[in-house]
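The values are calculated or read from the model by the stated rules, or taken from the named source; none is laboratory data. Computed from a predicted structure; not experimentally measured. For neighbour counting, all protein chains shown are included, and Cβ atoms are generated from backbone atoms with ideal geometry for every residue, glycine included. These accessible areas exclude ligands, DNA and RNA; they are computed on the full protein's heavy atoms, side chains included. Shrake-Rupley method; radii C 1.70, N 1.55, O 1.52, S 1.80 Å.
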Amino acid sequence: MNTRAMHVLVIEDNAALRESVGLLLRAHGHRVDLAAEGRAGLQMALAEPPDVLVLDVMLPGLGGLSLCARLRAECDRHVPVLMLTARDTLADKLEGFRVGADDYLTKPFANEELLARCVALSSRHRAGLDHVLRIGSLMIDRRSGIARRNGQILALRQLSHRILLMLAEAWPRAVTRSELTRRLWGEDSPVSDPLRTHLYLLRQALDRPFDTPMLVTIHDMGYRLQADS
(Lines give C-alpha, C1' and ligand atoms only; values in the text may rest on other atoms or scores of the structure.)
Protein backbone atom coordinates (compact mmCIF):
# COMPACT_ATOMS: atom_id res chain seq x y z
CA MET A 1 0.00 0.00 0.00
CA ASN A 2 1.80 3.09 -1.24
CA THR A 3 0.68 5.99 0.97
CA ARG A 4 2.26 8.89 2.76
CA ALA A 5 3.38 8.22 6.32
CA MET A 6 0.76 8.96 8.97
CA HIS A 7 0.98 9.79 12.65
CA VAL A 8 -1.54 7.49 14.35
CA LEU A 9 -2.51 7.54 18.01
CA VAL A 10 -3.98 4.25 19.26
CA ILE A 11 -5.94 4.37 22.53
CA GLU A 12 -6.81 0.79 23.52
CA ASP A 13 -6.75 -0.83 26.97
CA ASN A 14 -6.23 -4.38 25.69
CA ALA A 15 -2.42 -4.65 25.73
CA ALA A 16 -2.17 -7.41 23.12
CA LEU A 17 -4.47 -5.64 20.67
CA ARG A 18 -2.81 -2.28 21.29
CA GLU A 19 0.65 -3.66 20.54
CA SER A 20 -0.62 -5.62 17.54
CA VAL A 21 -2.14 -2.53 15.95
CA GLY A 22 1.02 -0.57 16.69
CA LEU A 23 3.19 -3.21 15.03
CA LEU A 24 0.90 -3.32 11.99
CA LEU A 25 1.01 0.42 11.43
CA ARG A 26 4.76 0.69 12.03
CA ALA A 27 5.38 -2.17 9.58
CA HIS A 28 3.75 0.03 6.92
CA GLY A 29 5.98 3.00 7.73
CA HIS A 30 3.63 4.98 9.98
CA ARG A 31 4.52 6.70 13.24
CA VAL A 32 2.50 5.36 16.14
CA ASP A 33 1.85 6.49 19.70
CA LEU A 34 0.05 4.21 22.15
CA ALA A 35 -2.09 4.89 25.19
CA ALA A 36 -3.81 2.41 27.52
CA GLU A 37 -6.43 4.64 29.14
CA GLY A 38 -8.65 7.56 28.20
CA ARG A 39 -7.33 10.52 30.17
CA ALA A 40 -3.71 9.98 29.15
CA GLY A 41 -4.80 9.38 25.57
CA LEU A 42 -6.78 12.61 25.44
CA GLN A 43 -3.80 14.57 26.75
CA MET A 44 -1.60 13.05 24.04
CA ALA A 45 -4.15 13.83 21.32
CA LEU A 46 -4.46 17.46 22.41
CA ALA A 47 -0.71 17.96 22.86
CA GLU A 48 0.14 16.56 19.40
CA PRO A 49 -2.97 15.96 17.28
CA PRO A 50 -2.45 12.83 15.16
CA ASP A 51 -3.44 12.31 11.54
CA VAL A 52 -5.78 9.54 12.72
CA LEU A 53 -6.97 8.51 16.17
CA VAL A 54 -7.82 4.81 16.62
CA LEU A 55 -10.07 4.84 19.67
CA ASP A 56 -11.55 1.99 21.69
CA VAL A 57 -15.05 2.67 23.02
CA MET A 58 -14.59 0.90 26.36
CA LEU A 59 -11.67 2.54 28.18
CA PRO A 60 -10.72 2.96 31.83
CA GLY A 61 -10.55 6.48 33.26
CA LEU A 62 -12.36 8.20 30.41
CA GLY A 63 -14.56 6.25 27.99
CA GLY A 64 -14.10 6.49 24.26
CA LEU A 65 -17.38 8.32 23.61
CA SER A 66 -16.62 10.97 26.24
CA LEU A 67 -13.06 11.26 24.99
CA CYS A 68 -14.24 11.83 21.42
CA ALA A 69 -16.70 14.51 22.53
CA ARG A 70 -14.00 16.32 24.54
CA LEU A 71 -11.55 16.07 21.64
CA ARG A 72 -14.06 17.75 19.35
CA ALA A 73 -14.70 20.50 21.91
CA GLU A 74 -11.09 21.18 22.91
CA CYS A 75 -8.85 20.44 19.91
CA ASP A 76 -8.13 23.34 17.54
CA ARG A 77 -8.18 21.10 14.47
CA HIS A 78 -10.19 18.16 13.16
CA VAL A 79 -8.67 14.80 14.08
CA PRO A 80 -10.25 11.88 12.16
CA VAL A 81 -11.46 9.27 14.68
CA LEU A 82 -11.83 5.56 13.94
CA MET A 83 -13.85 3.93 16.73
CA LEU A 84 -13.14 0.32 17.71
CA THR A 85 -15.98 -1.51 19.42
CA ALA A 86 -17.37 -4.96 20.13
CA ARG A 87 -20.88 -3.46 20.01
CA ASP A 88 -22.21 -3.37 16.47
CA THR A 89 -25.83 -2.22 16.74
CA LEU A 90 -27.02 0.77 14.75
CA ALA A 91 -27.81 2.63 17.98
CA ASP A 92 -24.21 2.19 19.18
CA LYS A 93 -22.84 3.49 15.88
CA LEU A 94 -25.18 6.48 15.83
CA GLU A 95 -24.10 7.41 19.35
CA GLY A 96 -20.48 7.34 18.23
CA PHE A 97 -21.25 9.50 15.21
CA ARG A 98 -23.21 11.88 17.47
CA VAL A 99 -20.13 12.63 19.57
CA GLY A 100 -17.95 13.12 16.48
CA ALA A 101 -16.55 9.76 15.35
CA ASP A 102 -15.74 9.56 11.64
CA ASP A 103 -15.82 5.80 11.15
CA TYR A 104 -16.50 2.56 13.02
CA LEU A 105 -14.73 -0.79 12.99
CA THR A 106 -16.25 -3.75 14.84
CA LYS A 107 -14.03 -6.22 16.70
CA PRO A 108 -12.71 -8.64 15.63
CA PHE A 109 -11.40 -7.05 12.45
CA ALA A 110 -8.89 -7.83 9.71
CA ASN A 111 -5.60 -5.94 9.86
CA GLU A 112 -5.95 -4.96 6.22
CA GLU A 113 -9.30 -3.31 6.88
CA LEU A 114 -8.03 -1.28 9.84
CA LEU A 115 -5.07 -0.09 7.79
CA ALA A 116 -7.27 0.79 4.80
CA ARG A 117 -9.70 2.76 6.96
CA CYS A 118 -6.89 4.72 8.63
CA VAL A 119 -5.44 5.61 5.23
CA ALA A 120 -8.87 6.64 3.93
CA LEU A 121 -9.54 8.87 6.93
CA SER A 122 -6.16 10.52 6.67
CA SER A 123 -6.50 11.16 2.93
CA ARG A 124 -9.94 12.78 2.99
CA HIS A 125 -8.27 16.19 3.20
CA ARG A 126 -9.46 16.70 6.75
CA ALA A 127 -6.40 16.14 8.90
CA GLY A 128 -5.10 19.50 10.05
CA LEU A 129 -7.95 21.48 8.51
CA ASP A 130 -10.00 24.09 10.29
CA HIS A 131 -13.28 22.98 11.84
CA VAL A 132 -15.23 25.13 9.35
CA LEU A 133 -15.91 23.88 5.82
CA ARG A 134 -17.02 26.43 3.20
CA ILE A 135 -18.49 25.74 -0.23
CA GLY A 136 -20.09 28.76 -1.84
CA SER A 137 -22.60 30.16 0.65
CA LEU A 138 -22.61 26.89 2.63
CA MET A 139 -20.70 26.81 5.90
CA ILE A 140 -20.43 23.72 8.13
CA ASP A 141 -18.91 23.99 11.60
CA ARG A 142 -17.74 20.50 12.47
CA ARG A 143 -17.13 21.44 16.10
CA SER A 144 -20.65 22.75 16.83
CA GLY A 145 -22.43 20.59 14.24
CA ILE A 146 -24.18 23.67 12.81
CA ALA A 147 -24.59 24.14 9.06
CA ARG A 148 -25.58 27.48 7.50
CA ARG A 149 -26.42 28.62 3.99
CA ASN A 150 -26.46 32.35 3.26
CA GLY A 151 -26.15 32.77 7.01
CA GLN A 152 -29.35 30.81 7.67
CA ILE A 153 -29.09 27.80 10.00
CA LEU A 154 -30.19 24.59 8.27
CA ALA A 155 -32.60 22.39 10.23
CA LEU A 156 -31.00 19.02 9.56
CA ARG A 157 -31.74 15.64 11.05
CA GLN A 158 -28.78 13.62 12.27
CA LEU A 159 -28.27 11.37 9.25
CA SER A 160 -29.01 14.16 6.78
CA HIS A 161 -26.31 16.21 8.50
CA ARG A 162 -23.85 13.31 8.19
CA ILE A 163 -24.60 12.98 4.48
CA LEU A 164 -24.04 16.71 3.98
CA LEU A 165 -20.75 16.51 5.87
CA MET A 166 -19.55 13.56 3.79
CA LEU A 167 -20.41 15.37 0.57
CA ALA A 168 -18.71 18.57 1.76
CA GLU A 169 -15.55 16.74 2.79
CA ALA A 170 -15.43 14.98 -0.60
CA TRP A 171 -16.12 18.18 -2.59
CA PRO A 172 -15.68 18.70 -5.49
CA ARG A 173 -15.74 14.97 -6.26
CA ALA A 174 -18.94 12.94 -6.20
CA VAL A 175 -19.72 10.29 -3.58
CA THR A 176 -21.31 7.04 -4.70
CA ARG A 177 -24.50 5.64 -3.21
CA SER A 178 -22.60 2.57 -2.02
CA GLU A 179 -20.02 4.71 -0.20
CA LEU A 180 -22.70 6.77 1.53
CA THR A 181 -24.59 3.63 2.52
CA ARG A 182 -21.51 1.88 3.88
CA ARG A 183 -20.39 4.84 5.94
CA LEU A 184 -23.87 5.41 7.37
CA TRP A 185 -24.86 1.83 8.15
CA GLY A 186 -21.73 -0.25 7.72
CA GLU A 187 -22.18 -3.80 6.52
CA ASP A 188 -25.62 -4.00 8.16
CA SER A 189 -27.42 -1.85 5.60
CA PRO A 190 -31.21 -1.85 6.01
CA VAL A 191 -33.23 -3.91 3.55
CA SER A 192 -35.25 -0.84 2.55
CA ASP A 193 -33.73 2.23 0.88
CA PRO A 194 -33.44 4.77 3.73
CA LEU A 195 -30.75 6.71 1.85
CA ARG A 196 -33.39 8.00 -0.57
CA THR A 197 -35.44 9.35 2.35
CA HIS A 198 -32.49 11.08 4.01
CA LEU A 199 -31.37 12.63 0.71
CA TYR A 200 -34.90 13.97 0.24
CA LEU A 201 -34.83 15.47 3.75
CA LEU A 202 -31.41 16.97 3.04
CA ARG A 203 -32.68 18.60 -0.15
CA GLN A 204 -35.66 20.03 1.75
CA ALA A 205 -33.33 21.78 4.19
CA LEU A 206 -30.38 22.61 1.92
CA ASP A 207 -32.03 23.56 -1.37
CA ARG A 208 -35.76 24.19 -1.08
CA PRO A 209 -35.54 27.61 0.67
CA PHE A 210 -33.00 28.91 -1.87
CA ASP A 211 -32.92 29.77 -5.57
CA THR A 212 -29.97 27.56 -6.56
CA PRO A 213 -29.75 23.85 -5.71
CA MET A 214 -26.44 22.63 -4.28
CA LEU A 215 -27.10 18.89 -4.04
CA VAL A 216 -26.67 17.36 -7.49
CA THR A 217 -27.39 13.80 -8.63
CA ILE A 218 -24.73 12.33 -10.93
CA HIS A 219 -26.45 9.74 -13.14
CA ASP A 220 -25.29 6.14 -12.53
CA MET A 221 -22.72 7.35 -9.99
CA GLY A 222 -23.90 9.19 -6.90
CA TYR A 223 -24.14 12.71 -5.53
CA ARG A 224 -22.03 15.80 -5.09
CA LEU A 225 -22.28 19.39 -3.96
CA GLN A 226 -21.91 22.29 -6.37
CA ALA A 227 -20.98 25.76 -5.18
CA ASP A 228 -23.73 28.35 -5.55
CA SER A 229 -21.44 31.35 -5.79
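Size descriptors for region 102-229, from the alpha-carbon set: Rg then Dmax equal 15.1, 48 Å. Comparing mean-square fluctuations of A73, A45, A27 from a GNM of the chain with C-alpha springs under 10 Å, the top value falls on A27. Within the shell defined by Cβ-Cβ distances under 13 Å, the residues around A147 carry a net charge of +4, with Lys and Arg each +1 and Asp and Glu each -1. With all protein chains in place and ligands, DNA and RNA left out, the 1.4 Å accessible area ranks R18, R203, R143 as R143, R203, R18, largest first. What's the center-to-center distance, using Cα atoms, between region 142-221 and region 60-80 in Å? One Cα centre to the other: 24 Å.
Most simply put, the chain has about 50% antiparallel DSSP beta bridges, counting only bridges with both residues inside it. Comparing L34, L164, L24 in a Gaussian network model of the chain where C-alpha atoms under 10 Å apart are linked, the largest mean-square fluctuation is found at L24.
Set the Förster distance to 35 Å, then compute FRET efficiency between A120 and R39 from the Cβ-Cβ distance, nearest 0.05.
Values: r = 28 Å, r/R0 = 0.81.
The value I calculate is 0.80.
A Cβ-based charge dipole, computed about the Cα centre of region 1-75 with Lys and Arg at +1 and Asp and Glu at -1, lands at about 180 debye. Of all the options E95, E169, E112, the one that moves most in a Gaussian network model of the chain with Cα springs shorter than 10 angstrom is E112. Taken along the Cα-to-beta-carbon direction at a fixed 7 Å, the label points for T181 and D76 span 4.3 nm.
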